[in-house]
Each structure stands twice: as structure tokens, then as C-alpha cells.
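A short write-up of the structure that comes next.
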Amino acid sequence: MSRTATTFEKLKSEGRQALIPFITAGYPFAAITPSLMHGMVDAGADIIELGVPFSDPMADGPVIQKAGDRAIANGVGLAQVLAYVAEFRQKDSTTPVVLMGYANPVERYDQIHGQDAFINDAAAAGVDGVLVVDYPPEESEEFAAKLQARGMDQIFLLAPTSTVERMQQVARIASGYVYYVSLKGVTGSGALDTDSVQQMLSVIRQHVHIPVGVGFGIRDAQTAQTISQFSDAVIIGSKIIQLLEDQPHEKIIPLTIDFLRGVRKAMDA
């Protein structure tokens, strides 16, 4: 059983939901990422999503785009992201880490380092799952099979516009969990209609039988608490990135811990 599946099983037995924070690797400072990951675990994070910086992130709003640009300016690419995971693994062998990003860096990595180099190096670093936004399920069977052969999950997005056919396509090859995008649009946009999210999750669960996490638009402890009442996981990204913008190095980890502890406490209430 993968680290991700084990984590969800444990949480289910405790009657709790997963808290999954997202940060862009290399933001706001290149070398802070592994320490920030440890801080998030200390604050109650169950799984960490680590964004791979990319120059043209189609699903990300201005907040995460800006974070990606800064990380790239800090010299951070996919090779550095894998190094951060490996460093994190030196002290933490249990918390799942999911890489979230786009096809271009993955395919470029393989061009440079050889066929399947990304999958092999991600497994060696201790990555547990990969969410490639622009790898649709109908084109991902081989990639998903190679990931699973190395103990990693391929995670897919579902959205308010997803059809039953798309849910069934995702269900056939997804593992770990499914990421439900709660809003139409990009990350960090709009206000959540929690009733419609709940209704959509009930439809998704008729076809998808692994945990379903909800992200996009969750900005505070109260919203996280509401979403956790009917989802398996709460995913928060843009709010954390905003919180850290223009902060000095010494405040990055304390601010993140304080915010996530508040969210964790609300989810567990």
C-alpha cells in the first residue's frame, strides 16, 4: 500500500480528513522548501503538494503564477524540486509528497536525462504522487502504469464541468486521490458555493472510489471546516502563497505553521 493510501486509511479510522497544503517549490526563497515542508507537517499537514515551477501554468491564477516566476528566477526547476523531496525524506519517511505541475518540465527532463528518467528519479527521491495538469486520463494509461510500478500514484483533476464519462475515465486509472477543482477558472479565483461542491462530490463518488480532495477557493479555516464535512481532503494553495509574499526569510515558516494550525484545528473541531 502506498504512503498516500496508508495516510487516508489512517485518517478514515480516526474520522478525520486530510489537510493538503500546496506550495510552489523554491518560493519565496530557493533553499527554504524542505524546512517549510517539515513546518507544514508539524502544523498538521497530512500530505504535501509541491508545485513544479513552470513559465506558462495554464490552470494557475496570478498568485501562483507569480510564485512560479519567482522560483524560476531563484534557479529552481524540476531537478531542484526532486532534490528538495530527497532532502525532506532524510527526516520524514511517512508524509506523502505529490508533485503538481505541467507536461513540459516532465518531458523536457526526460529529453535531457533519458526515457523514464523523471519517473525513476522521482521514485528515488521519495515522491508519492504526480499530478500533471495537462495529461488527460485518456492519454495517461502508460504513464500511470509506470508510476504505479514504482509505487507512485497519478492524480487527476475533476471540475464542475466534468461529465460522467470523464469521471469514469479518471476512475479507471487514478490512484491515491482525485483533486476536485471547486471553481470554474484558475486557482485563487472566486467564492465557493459549498452546496454545489457537496452535490458534485456525491455524483463523483458514484464513479470514483478513491478519496476525493477539494481545492481552489479555500482561503480560511471556516471554509476548510465546511468543505471537510463532505470531502476526504482539503487542499489549500493560493492563500499560503499570498501569506508569504514579501515576507522576510525568518517569518516564512512561523507564518505558515500558524495559518495551517488554525485550519487543522477548525477541521478537527
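Of note:
- Taking the stretch 13-44 as the range and being in contact (Cβ under 8 Å) with a residue 40 or more places away in the chain and farther than 26 Å from PHE118 by Cα as the test, the residues that pass are ARG16, GLN17, ALA18, LEU19, GLY39, ASP42, ALA43, GLY44.
- Filter pass, ILE23 being β-branched (Val, Ile, Thr), outside any helix (DSSP H, G or I) and buried (at least 24 other Cβ atoms within 10 Å of the Cβ): yes
- Sole residue being surrounded by 16 or more Cβ atoms within 10 Å (Cβ to Cβ) and under 28 Å from ASP195 (Cα atoms), chosen from VAL178, VAL130, VAL164: VAL178
- Residue ID - nearest to ALA5 (Cα to Cα), chosen from residues in the stretch 102-144 that are of a type in the set (Gly, Ala, Ser) and in contact with a helix residue (DSSP H, G or I) (Cβ under 8 Å, 6 or more places away or on another chain): GLY129
- Every pair of residues 6+ apart whose Cβ atoms lie under 6 Å, when the first sits in the stretch 244-269 and is within 17 Å of ILE218 (Cβ to Cβ) and in contact (Cβ under 8 Å) with a residue 24 or more places away in the chain while the second is β-branched (Val, Ile, Thr) and part of a helix (DSSP H, G or I): LEU244/ILE252
- Filtering ALA171, ALA124 for residues that are surrounded by 18 or more Cβ atoms within 10 Å (Cβ to Cβ), of a type in the set (Gly, Ala, Ser) and touching a residue at least 24 places away in the same chain (Cβ under 8 Å) leaves a single hit, ALA171.
- The residue that is nearest to the chain's Cα centre (by Cα), counting only those in the stretch 48-65 that are within 22 Å of ILE257 (Cα to Cα) and either free of Cβ contacts under 8 Å to residues at least 24 places away in the same chain or outside any helix (DSSP H, G or I) (or both), is GLU49.
- Residue check, SER55 modelled with pLDDT under 95 and surrounded by fewer than 18 Cβ atoms within 10 Å (Cβ to Cβ): yes
- Looking only at the stretch 66-83, and only at residues there that are under 16 Å from the mean Cα position of the chain (by Cα) and surrounded by 24 or more Cβ atoms within 10 Å (Cβ to Cβ), the one that is nearest to ILE253 (Cα to Cα): ALA67
- Matching residues in the stretch 122-142 - criterion: being assigned to a helix (DSSP H, G or I) and closer than 17 Å to GLY51 by Cα: ALA122, ALA123, ALA125
- For the residues PRO34, PRO28, the requirement of being surrounded by fewer than 23 Cβ atoms within 10 Å (Cβ to Cβ), in a helix (DSSP H, G or I) and within 18 Å of the chain's Cα centre (by Cα) singles out PRO34.
- In the stretch 102-121, the residue that is farthest from PHE54 (Cα to Cα) out of those that are among the small types (Gly, Ala, Ser) and free of Cβ contacts under 8 Å to residues at least 12 places away in the same chain is GLY114.
The values are calculated or read from the model by the stated rules, or taken from the named source; none is laboratory data. Keep in mind that this is a model prediction, so the values were computed, not measured. Counting neighbours? That spans all protein chains shown, and the Cβs are built from the backbone with ideal geometry, glycine included.
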